[in-house]
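Following: one structure in structure tokens, then a few remarks.
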Amino acid sequence: MEHLDFVDKLCKFGISIRTTNIENSEKEFEELNLFGEPRRIIVKNFNVEYKGSKPCDSFSGKNALKAMIRNSIDMDTWKHSWHNEIEPDNYQKFIDIIQEKILDRANQIDELLTTMFVLRKEIS
């Protein structure tokens, strides 16, 4: 889906997002890992690295960016990484998958917020 179409769909929920990245600030995520201890993924200025670890896991061949992509596309029950190689040729496909996940969650957030405010009104 084109970025502007995605932004328009989010706007229908009243959600406006430019970016969640703040220059020179660091974000930390946990890698989904079926084998062994999960590692921490650090994102700073659009650079993705493992925290205090080797840049590449020789067993799986994954780097931190690939792990982050896998985390995002494998949220929910369907594991897209099992059916698609995580390589640059598939990045647009992954963007589409991630956009759909965001829109699904926006719909869920809208329903949850509406329910919460109706309940607050009922209480008062």
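Some observations on this one:
For (1) under 16 Å from the mean Cα position of the chain (by Cα); (2) of a type outside the set (Val, Ile, Thr); (3) at pLDDT below 90, each residue gets a yes or a no:
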site: 11; (1), (2), (3): no, yes, yes
site: 14; (1), (2), (3): no, yes, yes
site: 33; (1), (2), (3): yes, yes, yes
site: 46; (1), (2), (3): yes, yes, yes
site: 63; (1), (2), (3): no, yes, yes
site: 67; (1), (2), (3): yes, yes, no
site: 86; (1), (2), (3): yes, no, no
site: 91; (1), (2), (3): yes, yes, no
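- Tabulated pairs, the stretch 3-21, first touching a residue at least 24 places away in the same chain (Cβ under 8 Å) and over 14 Å from residue 105 (Cβ atoms), second in a helix (DSSP H, G or I) and among the polar types (S, T, N, Q), C-beta under 9 angstrom, 6+ apart or interchain: none
- Some residue of the stretch 102-109 being farther than 17 Å from residue 1 by Cα, surrounded by fewer than 12 Cβ atoms within 10 Å (Cβ to Cβ) and at pLDDT 90 or above: yes
- Condition met for residue 121 (exposed (fewer than 11 other Cβ atoms within 10 Å of the Cβ), of a type in the set (Lys, Arg) and at pLDDT below 90): no
- The residues of the stretch 80-95 that are out of contact with any helix residue (DSSP H, G or I) (no Cβ under 8 Å at 6 or more places or on another chain) and surrounded by 13 or more Cβ atoms within 10 Å (Cβ to Cβ), listed by number, are 90, 95.
- Meets criteria (farther than 19 Å from residue 15 by Cα, assigned to a helix (DSSP H, G or I) and not aromatic (Phe, Trp, Tyr)) for residue 89: yes
The values are calculated or read from the model by the stated rules, or taken from the named source; none is laboratory data. Note that this is a predicted model, so its numbers are computed, not measured. For neighbour counting, all protein chains shown are included, and Cβ atoms are generated from backbone atoms with ideal geometry for every residue, glycine included.
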